[in-house]
1. If residue 20 passes every condition in (1) under 30 Å from residue 325 (Cα atoms); (2) part of a loop (DSSP other than H, G, I, E, B) but one, which one does it miss?
2. Please tell me if residue 385 is within 30 Å of residue 248 (Cβ to Cβ) and in contact (Cβ under 8 Å) with a residue 60 or more places away in the chain.
3. Cβ-Cβ below 9 Å, separation at least six or inter-chain, first residue in segment 216-242 and in contact (Cβ under 8 Å) with a residue 12 or more places away in the chain, second surrounded by fewer than 18 Cβ atoms within 10 Å (Cβ to Cβ) and not in a loop (DSSP other than H, G, I, E, B): which pairs?
4. For the list (1) closer than 28 Å to residue 286 by Cβ; (2) within 16 Å of the ligand (Cβ to nearest atom); (3) out of contact with any strand residue (DSSP E or B) (no Cβ under 6 Å at 6 or more places or on another chain), I need the number of the one condition that residue 128 fails.
5. When residues of segment 186-202 are filtered for being more than 10 Å from the ligand (Cβ to nearest atom) and buried (at least 24 other Cβ atoms within 10 Å of the Cβ), how many remain?
6. Step by step: first the residues of segment 335-368, then only those that are within 18 Å of the chain's Cα centre (by Cα) and part of a strand (DSSP E or B), then the one that is farthest from residue 306 (Cα to Cα). Which residue is that?
7. Can you name the residue in segment 205-232 that is away from the ligand (no atom under 16 Å from the Cβ) and assigned to a loop (DSSP other than H, G, I, E, B) and is also surrounded by the most Cβ atoms within 10 Å (Cβ to Cβ) among such residues?
8. Condition check: under 14 Å from the mean Cα position of the chain (by Cα) and crowded, with 17+ Cβ neighbours inside 10 Å. Does residue 101 satisfy that?
Amino acid sequence: MDKLHKYKLETEIVFSENKDQYNASSVPIYQTATFKQTSSSDMGEYDYTRSGNPTRTQLERHLAKIMKADRVLAVASGMSAMDVIARLLKPGDEVIAGDDLYGGTNRLLTYLATNSGIIVHHVDTTQTSKVVEKLSPKTTLVLLESPTNPLIKICDIPTITKLVKESNPAAIVAVDNTMLSPVGQNPLDFGVDIVYESATKFLSGHHDLMAGVIAVNDKALGSRLFFTVNATGCGLAPFDCWLLLRGIKTLALRYERAQSNAQKIAEYLEGRGFKTRYPGLKSHPQYDLHWSMARGAGAVLSFETGDVEISERIVEGAQLWGISVSFGCVNSLISMPCKMSHASIDPKVRAERALPEDLIRLCVGIEDPEDLIEDLRMSLVQAGALKVDA
Ligand SMILES: *Cc1c(COP(=O)(O)O)cnc(C)c1O
């Protein structure tokens with residue numbers, strides 16, 4: 001507990017001191033584009049939903065409390081959040097980003113490098129020295145993900161942040177925290193400037209909406225980001241704000257169950273000899289670093305089979321595990337990143353970044369763990385990756 005939270009995080013997630021004029025228990029959906037003004041000169045608190053809407057305000061305030069941020073902005077998707085952040089950049093600015101970034105982030109950065117004169121350095125952020133090597137007075141944005149997806153690489157967010165600020169106080173450090181959600185990790189605690197997440201994942205939890213959130217502590221930075229939200233019209237629609245508020249109520253429960261399932265599955269796979277990547281496994285090369293920053297290991301893991309065709313058969317043979325991109329949903333999902341979420345990355349670049357073509361990603365849901373393991377075991381056996389009695 002700390003000064004910003006009266007209660008433990010699990011309680012803050014479901015508790016709200018918000019007062020509705022009719023004492024509604026669930027925040028009402030203000031499904032309106034415009035608000036009438038009391039006079040031609042007095043705009044009132046709200047005038048137009050692109051600029052602000054009471055349902056969105058409730059969501060943003062609730063998230064700010066959970067994420068211990070001064071301000072949160074709710075936008076149309078995780079990529080929209082990234083786009084709002086990217087509009088802080090000007091031609092000639094340099095960005096340092098990871099080499100195992102989310103596919104869509106990679107695509108947007110490549111677009112900006114091609115069309116907007118922004119210079120992007122992709123480095124292995126697991127090695128802090130590689131980030132430091134690229135720092136220059138032109139560095140405007142350092143973009144981190146930890147753990148990355150699907151290679152589950154960890155970077156030292158506090159140390160990198162400190163070194164970036166020492167080298168260039170004006171540079172912005174932004175962390176994509178989608179993989180762990182505010183329950184698993186809160187990078188604002190380490191002094192980063194911006195934390196953003198795809199709320200399509202854990203925060204909403206049911207794969208029934210798309211949303212993104214941006215959290216900051218610096219008021220001036222918050223205003224600059226809000227300018228873009230208002231100027232481009234990417235603020236989250238009232239109905240989606242309401243759905244997201246509803247999803248967030250069960251965030252802690254869903255996250256903890258999915259994470260405990262993921263731990264069991266990672267141990268099962270590693271125990272059968274598969275090279276398994278999950279920060280909950282002691283074999284993870286950055287196990288200690290991860291646990292120095294995070295409260296949990298998340299619910300996404302990946303493993304190798306040694307053969308692309310065997311991997312394809314495993315993915316297609318599973319019954320309970322839906323073949324789908326994304327994660328953070330109540331249902332468990334299975335995918336081959338090279339063919340699905342990361343297909344937009346050039347095969348040559350994928351090879352350079354050591355992304356194994358046979359890699360299978362598991363995004364664990366909240367089902368019964370024994371059912372999940374049995375379904376996976378059957379698929380592994382059918383695909384010829386495991387002996388019948390293993
Ligand atoms: C899904 C995802 C995004 C993009 O979010 P959308 O809501 O799909 O636009 C960004 N970063 C990470 C790590 C993601 O998993």
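1. All conditions are met except number (1).
2. Details: within 30 Å of residue 248 (Cβ to Cβ): no; in contact (Cβ under 8 Å) with a residue 60 or more places away in the chain: yes.
Answer is no for this residue.
3. 241/57
4. Exception for residue 128: condition (2).
5. So the count comes out to 4.
6. 363
7. My answer is 217.
8. Values: under 14 Å from the mean Cα position of the chain (by Cα): yes; crowded, with 17+ Cβ neighbours inside 10 Å: yes.
So residue 101 passes the test.
The values are calculated or read from the model by the stated rules, or taken from the named source; none is laboratory data. Everything quoted here is computed from the prediction, not taken from an experiment. Glycine also receives a Cβ, built like all others from the backbone with ideal geometry; neighbour counts cover every protein chain displayed.
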